[in-house]
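Working notes, beginning with the structure itself.
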There are 2 protein chains.
Amino acid sequence: MRKLSVFIATSLDGYIAKPNDDLGFLKLVEKEGEDYGYAEFKANIDTIIIGRKTYDWVQREIGTSHYDNGERNVYVITRTERQNVGKTTFYTGNITDLVQQLKSETGKNIYCDGGAEIVNELLKSDLIEEFIISIVPVLVGNGTRLFKDGRPEQLLELVNSKTFDTGLTQLHYKRKR
Amino acid sequence: MRKLSVFIATSLDGYIAKPNDDLGFLKLVEKEGEDYGYAEFKANIDTIIIGRKTYDWVQREIGTSHYDNGERNVYVITRTERQNVGKTTFYTGNITDLVQQLKSETGKNIYCDGGAEIVNELLKSDLIEEFIISIVPVLVGNGTRLFKDGRPEQLLELVNSKTFDTGLTQLHYKRKR
């Protein structure tokens, strides 16, 4: 079955952004020619799930090239109806239903590109099979946490751990069932 | 100068205990003969700082043998005066003053054995030089977080990362100044 993966960077203290969506701390580990396995990861993905706020941020700061110019199906989770654009669907329904539907179809894997609200919704429904978490060597002190309180306990299995000379450590887990 | 170190285990989602001080998730990585470097770490420590609640918990659940029967100086941070016992001092003063005093003296390193309140007090004053954090492969979902909101940003340097066959990953950082 297709799996749903999270591939995300956090500070050691567990934040994916500082207040006001400030991602500046990611610059600490930017290195020419080093993508921390992102291209390889995306090669196995044909569907992306993303929260509306994160989508708008990506549109504004990076552009749709982030989704490889319409090669992948993108589902933007939103409360407000919006006209679909190419392979991008604005989805106002129940996220659990969406993921169960997608998993029942054939295809490559599904990637949740955040934000934290969507990740935590998916965790509450135990829908995430794979976690690739890159830990940036900094305590940012405040901001948006990757993991919010009030989720069920979930056992994991460590697949591997990689260390990079920038000080980034990438932890790869799969859900243990 | 003597350094102040934290050596602690957390779940991947950043909790050091589940609600009601439940440390049961640590059993997931218990293994005969594997101490994850704790004995080696403690060999360079002669002073321990610990919060009162954590101290009481250790007294009740493990016993004072945890502190090697009075071989080390133990400072219990508390708001309530209590009679000192052997090398154990109940300290009601300012924790920053205590740590600065200890660091100005000669001796082996200082170990903060928790809890989260004390660790975060020390982080706010930027008094921690070394972090050895063991990540247990589980999302516990709720409980006491190691890192609380509202601290200053602090850059770290990755010293190394070790993976164990139990799935525990140990990340070792030092404060980058």
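The numbers here are math on the coordinates, done by the rules we state, and not lab data. Here the structure is a predicted model, which means the values were calculated and not measured. Because the Cβ atoms are built from the backbone with ideal geometry, glycine has one as well, and the counts that use them run over all protein chains shown.
Quick one: of the DSSP bridges fully inside the stretch B:1-94, what percent are antiparallel, nearest 5?
So the antiparallel bridges in the stretch B:1-94 amount to around 20 percent.
Of the DSSP beta bridges with both residues in chain A, give the percent that are antiparallel, rounding to the nearest 5.
Counting DSSP beta bridges with both partners in chain A, the antiparallel share is about 45 percent.
Once the dipole of the protein assembly as shown is set up with Lys and Arg at +1 and Asp and Glu at -1 on Cβ about the Cα centre, which of A:GLY143, A:PHE164, B:LEU12 lies farthest towards its positive end?
Final value for the positive-end residue is A:GLY143.
Can you give the mean number of other chain Cβ atoms that lie within 10 Å of the Cβ atoms in peptide A:141-150?
Mean shielding by partner chains, rounded to a whole number: 5.
Taking R0 as 22 Å, what's the FRET efficiency between B:ASN20 and B:THR92 from their Cβ-Cβ distance, rounded to 0.05?
With a Förster radius of 22 Å, E is 0.25.
Determine, from the Cβ-Cβ distance of B:GLN101 and A:GLN59 and an R0 of 41 Å, the FRET efficiency 1/(1 + (r/R0)^6), rounded to the nearest 0.05.
Efficiency computed from Cβ-Cβ geometry: 0.15.
So, with +1 on the Cβ of K and R and -1 on the Cβ of D and E, and no other charges, what is the size of the charge dipole of the protein assembly as shown about its Cα centre, to the nearest 20 debye?
Dipole about the Cα centre, nearest 20: 380 debye.
Along its three principal axes, how long is the protein assembly as shown when you only count alpha carbons? Whole Å, largest extent first please.
73, 38, 34
Considering only DSSP beta bridges with both partners in the protein assembly as shown, what is the antiparallel share in %, to the nearest 5?
Rounded to the nearest five, the antiparallel share is 45 percent.
At a Cα cut-off below 19 Å, give the aspartates and glutamates reachable from B:LYS18, other chains included and same-chain residues fewer than 8 away excluded.
The qualifying aspartates and glutamates are A:ASP13, A:ASP126, A:ASP149, A:GLU153, B:GLU30, B:ASP56, B:GLU61, B:ASP113, B:GLU117, B:ASP149.
Loop-only check: which trypsin sites (Lys or Arg not before Pro) in the stretch B:71-167 are DSSP coil with at most 10 other Cβ within 10 angstrom?
B:ARG79
Separation of the stretch A:122-177 and the stretch B:1-74 by C-alpha centroid, Å?
23
Rounded to whole Å, how close does chain A get to the rotation axis onto B by Cβ? Give me the residue too, please?
A:GLY14, 2
So what is the 222 nm mean residue ellipticity for the protein assembly as shown from helices alone, if each DSSP H run of at least 4 adds -39500 (n - 2.57) and you divide by all residues, rounding to the nearest 500 deg cm²/dmol?
-5500 deg cm²/dmol
With respect to the cross-link table entries B:LYS53/B:LYS108; A:LYS124/A:LYS174; A:LYS162/B:LYS31, which display a Cα-Cα separation exceeding 20 Å?
B:LYS53/B:LYS108; A:LYS162/B:LYS31
Just to verify a number: FRET efficiency for B:THR78 and A:LYS27, C-beta to C-beta distance, R0 = 41 Å, to 0.05?
About 0.45, to the nearest 0.05.
Across every pair of different alpha-carbon atoms, what Kirkwood hydrodynamic radius in Å does chain A reach?
Final number for the Kirkwood radius of chain A is 16.9 Å.
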